[in-house]
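Dropping a structure here in structure tokens format, bear with me for questions.
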Amino acid sequence: MPHSLNELFALVWSGWLAAWPSGLIALIWIGWLISWAVASFWSGRTQKRVLTWNAQAYRIPIIAGALLLTPWTAQALAVRPVWVVGNGVAYALAAVTLAGVLLTWWARIHLGYFWSNAITHKEGHRVIDTGPYRFVRHPIYTGLIAAILATGVGVGTITAMLGAVLISLGLWQKARMEERFLSVELGADAYGAYRRRVPMLVPFLPHR
């Protein structure tokens, strides 16, 4: 059994290393996924959520993009990188990836019990405008999009870049759905005033 486990671990790890310019980016994502999964238990009671069928509008591109981004998809399709980045660029992209996932955690801490993986209305829900929410209305999505795009560029395959674009589009669509939902649930006055002060995803852009 230990021998089989070692072989399994070697297969998984070599899959990441074979397709990624550096194992560092993979380690960043593995660490984020584990910590995010553990933190999912830190969430308040849900009062209302977007219907599951409606949520498919953003879930489908995110799931499809995630599958395309994995190194095993590139291996299965025998896709070769369009370019191979050097060590300096790889470390720079890893830094962008790390900055993006750290932004998600900064936002997660400020959201506290109001966080949810889905679009929901939590008990006592209110507009959060502290921390990164002073600069963008959806800093978790901003951080994820930046990290995902940096990862796609670093991997350099058509499948990875297409996957990164699909995930980014899915997150953008989720942000738009969340805007409409929160405007109704929190009130047009409260959330509308916040929308007029703070841009949606990109800091310092005109507010919409």
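The values are calculated or read from the model by the stated rules, or taken from the named source; none is laboratory data. What you are looking at is a predicted structure, and each value in this text was computed from that prediction instead of being measured. Positions of Cβ are backbone-derived with ideal geometry, glycine not excepted, and every protein chain shown enters the neighbour counts.
Identify the single condition in (1) at pLDDT 85 or above; (2) of a type in the set (Gly, Ala, Ser); (3) over 18 Å from LEU162 (Cβ atoms) that ALA64 does not satisfy, given that it satisfies every other one.
(3)
In segment 164-181, what residues are surrounded by 20 or more Cβ atoms within 10 Å (Cβ to Cβ) and either of a type in the set (A, V, I, L, M) or not in a helix (DSSP H, G or I) (or both)?
ALA164, LEU166, ILE167, LEU171, ALA175
Oh, and also: Right, VAL136: of a type in the set (A, V, I, L, M, F, W, C), assigned to a loop (DSSP other than H, G, I, E, B), more than 12 Å from the chain's Cα centre (by Cα) and buried (at least 22 other Cβ atoms within 10 Å of the Cβ) or not?
yes
Moving on to the next point. Go through (1) more than 22 Å from LEU33 (Cβ to Cβ); (2) surrounded by fewer than 17 Cβ atoms within 10 Å (Cβ to Cβ); (3) without any contact (Cβ under 8 Å) to a residue 60 or more places away in the chain and name the single condition ALA76 misses.
Looking at each condition in turn, ALA76 falls short on (1).
What pairs come out if I take residues in segment 103-130 that are farther than 21 Å from ILE145 by Cα and in contact (Cβ under 8 Å) with a residue 24 or more places away in the chain and pair them with residues that are part of a helix (DSSP H, G or I) and of a type in the set (Phe, Trp, Tyr) whose C-beta lies under 7 Å away, six or more apart or interchain?
Cβ pairs passing all conditions: LYS122/TYR113; LYS122/PHE114; HIS125/PHE114; VAL127/TYR191; VAL127/TYR194.
Assuming LEU205 fulfils every condition listed in (1) over 23 Å from TRP115 (Cβ atoms); (2) without any contact (Cβ under 8 Å) to a residue 12 or more places away in the chain; (3) among the hydrophobic types (A, V, I, L, M, F, W, C); (4) not in a loop (DSSP other than H, G, I, E, B) apart from one, which condition is it?
Among (1) over 23 Å from TRP115 (Cβ atoms); (2) without any contact (Cβ under 8 Å) to a residue 12 or more places away in the chain; (3) among the hydrophobic types (A, V, I, L, M, F, W, C); (4) not in a loop (DSSP other than H, G, I, E, B), the lone unmet condition for LEU205 is (4).
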